[in-house]
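Since the structure comes first, as structure tokens, the remarks are kept for the end.
The values are calculated or read from the model by the stated rules, or taken from the named source; none is laboratory data. Here the structure is a predicted model, which is why all the values come from computation and not from measurement. Here the Cβ positions follow ideal geometry from the backbone for every residue, glycine too, while neighbour counts run over all protein chains shown. The protein model used for the area step is the full one, side chains on, heavy atoms only, and it has no ligands, DNA or RNA in it. Shrake-Rupley method; radii C 1.70, N 1.55, O 1.52, S 1.80 Å.
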Amino acid sequence: MIELPPPLTVLPPPDVGELFRTHRRPMTQLAYLLTSDSSTADEVVQDAFVKVHTNWGSIKNPVGYLRKAVVNGCHSHHRHRAVVRRSPPPRPEAAALVADEVSDALAKLPYRQRAALALRYFADLPDEEIATALSVRPATVRSLIHRGLGTLRKEIDR
Amino acid sequence: MTMPTSVLEDRLRSHYRAIAQEVHLDEVAFDDLVATGPLLQLSDVGAPARRTWRVATLVVAAAALVAVGLVIATRDSSSSPVTADEPLALGDVPLLVPDWLPSGVELRGASDTTVPELALYRTAVYAMSGGVLTGKLLSVTVTTATFASWRSAGEPTIVAGRDAVDLSSADVAGLAVDNGASGSITLAGRGFTSSELAAVAGRLGSPSTDPTDGPVFDPAPTGLSLVSDEVGLTVSRATELSYEASDLERMVSIGVWSGQANAFEQYLVLAEPGESTKVGGLRAWRSTDSDGVVHLAWELAPGIVVQISGTGVGDSDVERVANGLRRVSDIDWRRLLATVGVEPQKGDSSPPPTTAGIPITAPCTEQRSSPPVTVVVTCP
């Protein structure tokens, strides 16, 4: 039987704790919008904070880095679902009550379009910050939002 | 009348606000999480030892597959990919690590899960005369999973007078159909619309999980022919290594799983559009998904599929990773997993229903803890 080494527990620098207090909720909300699953959102955000903590010394923009980690984490979740499950994403609980058709229409968009719309209309971010979070050019952000809105409009108008 | 953009934007904002209100968080301090773990404990390489969703998805992926006639993968050389030339024990997968990786990426997560035998599946795959790599592909899975277990996985519908659930995504049409006391039938079609798949499903009788009872379709759907019809018990083992750059711009994952002998055909049904290629002389499929992630998958041996996925890296990098894989011993593998705080797990799970051998986990619930990773998938 191989004895596995115990994990090394490291306390975070104080600023990570502050970032956690101020950004955990909005980041979890963003992750929830992108994954439609509260436990996955919670896990993605926790992973993102661990990444921030791990790389704290080299991060110039912790919030931007954190946001990118969340978007990437949700992307990975989305991609795995696509490969492994191919099932329609579960509808968030509130969507069923508030805006069925918007929720249904959003579920049909490719991930990057959904992420761009959430970052614009939920997080109220400018093109440049959305571009950083999605690792694309600002022009691509505008294209993603334009195409996403176009598809949404078609779906809702049906 | 077309909805004005400003109205659509307002609806989106309202929608997002309403959804965001659903998020309820326990009050907890970051320090407390780290101190009391395991949620944010850090491994000895300073990386998160949490990739439980990957474990979970691989658990359920493996649960739908069975190992039949497996052969072992041995290291050929560092300049050519691992090849398959020796028998493996049932449910084994070759333990593969990369000899080469894009610069700057480091091991950040891993999983290794074995799932016990639990249920019977039969998966028949139909393809056009040109073969399985191009054109329409249809996979039909007869499973002992009850139809009731599908009800929450999609929209209810009726197919030829039988209860059904529409499981279609943007890329693949999918259906689950009631098979009475025998359980349920799932269909997944590449190149099919939902209505076309429903028309095909309408021709289904009540196939059993035993191929000797007759073909799923007789005759085969128009333009298609049967290319494989496999039966097996659930299994098996799945591994994944995840490498990431510290700035998160580049990621590479290496996944290996064993399943039924036609696992690669099942993979192709669900794969992104792409092109056929070769890896080490073995048939392979290269695709790029809508998010720009490059996937290269190949059939290492009957029932063993390897997939390299690359984010922020080029096709050539993914190919180089694929061509630089080598097999390691169980001891070396455990040492590697230990660096990210993971140890091989025996899954204690029941198999979820499947489409095309690939399970849909919506009816299932998961329990998680980490590290070391523990995942329990519970299905009705």
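Odds and ends about this structure:
- Only one of A:153, A:142 that is over 20 Å from residue A:29 (Cβ atoms) and surrounded by 16 or more Cβ atoms within 10 Å (Cβ to Cβ): A:153
- Residue selected from the stretch B:184-204 under the condition surrounded by fewer than 16 Cβ atoms within 10 Å (Cβ to Cβ) and modelled with pLDDT of 90 or more, by the criterion farthest from residue B:229 (Cα to Cα): B:195
- Applying the criterion of at least 2 residues that are touching a residue at least 12 places away in the same chain (Cβ under 8 Å) and open to solvent by less than 30 Å² (accessible area, probe 1.4 Å) to the strands (runs of 3 or more DSSP E) found wholly in the stretch B:239-305 leaves B:251-258, B:282-288, B:294-301.
- For first residues located in the stretch B:161-185 and away from every other protein chain (no Cβ under 12 Å) and in contact (Cβ under 8 Å) with a residue 60 or more places away in the chain, partners that are in a strand (DSSP E or B) and aromatic (Phe, Trp, Tyr) and lie 6+ apart or on another chain with Cβ distances below 6 Å do not occur.
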